[in-house]
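Student: Encoded as structure tokens, here's the structure I'll be asking about.
No value in this document is a laboratory result; all are computed from the given coordinates. Please read these numbers as outputs of a predicted model, since none were measured by experiment. Cβ: placed from backbone, ideal geometry, glycine included. Neighbour counts: every protein chain shown.
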Amino acid sequence: MTKHGTGLAALALALAAGWLWPTPAAAQVLTRLENAVTVFDEATSGGDASIPEDLLKKAECVVIVPGLKKGAIGIGFKYGRGFVSCRSEDGWSPPAGIRMEGGSYGFQIGGAEVDVILTVMNKRGVDRLLSSKFTLGADASVAAGPVGRSASAQTDAMMTAEILSWSRSRGIFAGIALGGSTLRGDDDANKDLYGKKVRVRDIVTGGLPAPAAASALLERLAKY
């Protein structure tokens, strides 16, 4: 999508959310929501290269981080901002902003952006996710997720992992290592999206009304 098209889409989302004109920070949140929808669409519409539908139907929460930045000059780093939605009695919860951060060690030169999707597969994983901050691989077990129309070929790790992960590389690095990455709430994004300071836990479990700008993402998730 062109920058012009993205800007128009962000404006449309802002108007739908009830803002006459969004602040620059709020516009970025809206654009990120739009990008998250695109990433989810592409991850679920690739046939044999898709995230298995039956895993999505079993997932307790879905995390989408579009354009996670990964780079290194000597010491690696990862940083991205995205959204999480969890199942509720009424379907899927409104999305909450979330940050993914982490470092790696060893000599590296390069940089990349990747789109990341995580599925939280059980209640314990949800509890970890809704804590103030947790580390993948340390506080919660994580495994690379399978691709294909079904998950019938799961390994033991996939069956027992609390979180499954997928990534799509658009740069120098072919993949992404999620072990050691941390997840925590994106307070600034949540304030821009909901108009007040609110925690991830309160958004996904507290029955807050979903902003109009989140309708496209929730529509996609509702299929599962």
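Student: How far is it, in nm, from the label point at LYS197 to the one at TYR79 when both lie 7 Å from their Cα along the line to the Cβ?
Tutor: So the two model labels end up 2.2 nm from each other.
Student: With r as the distance between the Cβ atoms of ASP41 and VAL147 and R0 = 22 Å, compute the FRET efficiency 1/(1 + (r/R0)^6) and round to 0.05.
Tutor: Here the calculated transfer efficiency is 0.90.
Student: I've got another one for you. Please compute the net charge surrounding TRP92, taking Lys and Arg as +1 and Asp and Glu as -1 over other residues with Cβ under 15 Å from its Cβ.
Tutor: +1
Student: Skipping prolines and chain starts, which residues have an amide H placed within reach, meaning under 5 Å, of the one on VAL198, given they are 5 or more residues away or on another chain?
Tutor: Answer set, sorted by chain and number: LYS191.
Student: If you add up the charges near THR44, with Lys and Arg at +1 and Asp and Glu at -1, over every other residue whose beta carbon is less than 9 angstrom from its beta carbon, what do you get?
Tutor: Every neighbour counted, the sum reads -1.
Student: Rounded to whole Hz and in sequence order, give me ³J(HN,Hα) for segment 210-215 from the Karplus expression 6.51 cos²θ - 1.76 cosθ + 1.60, θ = phi - 60°, writing x for Gly and Pro.
Tutor: In residue order, the calculated couplings are 6, x, 4, 5, 8, 4 Hz.
Student: Find how much the distance from ASP188 to LYS58 grows on full extension, using 0.36 nm per residue of separation minus their present alpha carbon separation; answer in nm with one decimal.
Tutor: Computed gain between ASP188 and LYS58 is 43.8 nm.
Student: Report the local net charge at VAL198: Lys and Arg +1, Asp and Glu -1, summed over other residues whose C-beta lies under 10 Å from its C-beta.
Tutor: Surrounding charge for VAL198 is +3.
Student: For SER50 and ARG124, calculate 0.36 nm times their separation in residues minus their Cα-Cα distance, and state this gained length in nm to one decimal.
Tutor: 24.1 nm
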